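Report on one structure; see the data block that follows.
Every number in this text was worked out from the coordinates using simple rules, so none of it is lab data. This structure is a prediction, so every number in the text was calculated from the model and none was measured. Reconstructed Cβ throughout: ideal geometry from the backbone, glycine too, with neighbour counts over all protein chains shown.
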Amino acid sequence: MNAQTAITKPLTLEAAVEGFLNSLRANNRAELTLSTYQTDLSQFITWLKENVFTASSIETVSKADITAYLAYLRSQRISGVTRAKKLASIRGLFRYLVDGEGLLEKSPAQGLETPKQERRSRDYFLPDEYRAMLSLAGASPRDYAILQVFLQTGIMVGELCELKLEDVDLEQRLLRVRNGKGMVAREVPFETKAAKALANWLKARKEVLIELGKDSD
C-alpha cells in the first residue's frame with residue numbers, strides 16, 4: 001500500500017469516533033461527558049452495521065440513516081429526551097468531521113428535528129405547591145439541590161440517596177442512576193435549574209470542607 005492510497009482510504013466510523021473523542025480530551029472535556037459520547041456513538045455504529053450494510057465509512061452515512069435510527073429508538077420506547085441526547089452526540093461527531101477536520105462538506109445530521117419530550121400521564125404538583133416546597137428548602141443549598149433534582153427527574157428516593165459525585169454531569173445535565181448492585185443502570189437528564197442548584201451546593205460543600213480542614217475532593 002503506498003502513501004497516497006493510505007491518505008485517500010475512507011475513514012471508518014470507529015476511527016472517526018476515536019478522533020472526535022481525542023479532540024474532546026484535548027479540550028479538557030469531563031470524563032463523564034466523554035463516556036456519554038462514546039456510549040451514544042458506539043450504539044449508533046452498532047445499529048448501522050446491523051441495519052445499513054452500505055454505511056461503512058463516514059462518507060456513506062446519510063440523513064435517512066440517522067432518521068431511521070431515531071425511529072428505531074422510538075420503537076424501543078426510548079424517551080424523547082434520551083433520543084435528543086443521542087442525536088446531539090451524532091451531531092457533535094459530524095460537526096467535528098465538517099468544521100474541525102474538513103473531511104465532509106456537509107453533516108448528514110443537518111436539518112434533523114430534535115425529538116421532543118413526551119407528555120407523561122402522571123400527577124404533578126400545582127405551581128403553588130412546587131414553589132412552596134422549594135421556598136422551604138431555600139435556606140439550605142444542600143436541601144434545595146436535593147429537592148430540585150428529585151422533583152425534576154422523578155427518580156426514586158433510594159436512587160437519589162445512592163448518587164455519587166461522579167454520577168453527576170453538570171455539563172451534559174445528566175445523572176448516572178445506579179441499580180441495587182451499585183452499577184449504572186440508566187442516564188437521567190435534568191434541567192438548568194437543577195444544574196444551578198447542584199453547582200451552588202457543590203460550591204457551598206467545598207467551602208464547608210475547607211473550613212473543617214478536610215480535603216474538598
Aspartates and glutamates within cross-link reach of Lys49: Cα-Cα under 20 Å, excluding same-chain residues under 8 positions apart?
Glu14, Glu18, Asp40, Glu59, Asp65
Could you state the number of Å between the C-alpha centres of the range 128-154 and the range 42-79?
39
What does the charge dipole of the range 9-100 about its Cα centre add up to, to the nearest 20 debye, if the Cβ of each Lys and Arg holds +1 and the Cβ of each Asp and Glu holds -1?
320
Pairs of alpha-carbon atoms within less than 8 angstrom and 6+ residues apart define the contacts here; what relative contact order does the range 9-100 have, in percent?
38
Shape of the range 127-211 from its Cα gyration tensor (a ≥ b ≥ c, root eigenvalues): rounded if a/c is under 1.5, otherwise prolate when a/b > b/c, or oblate?
oblate
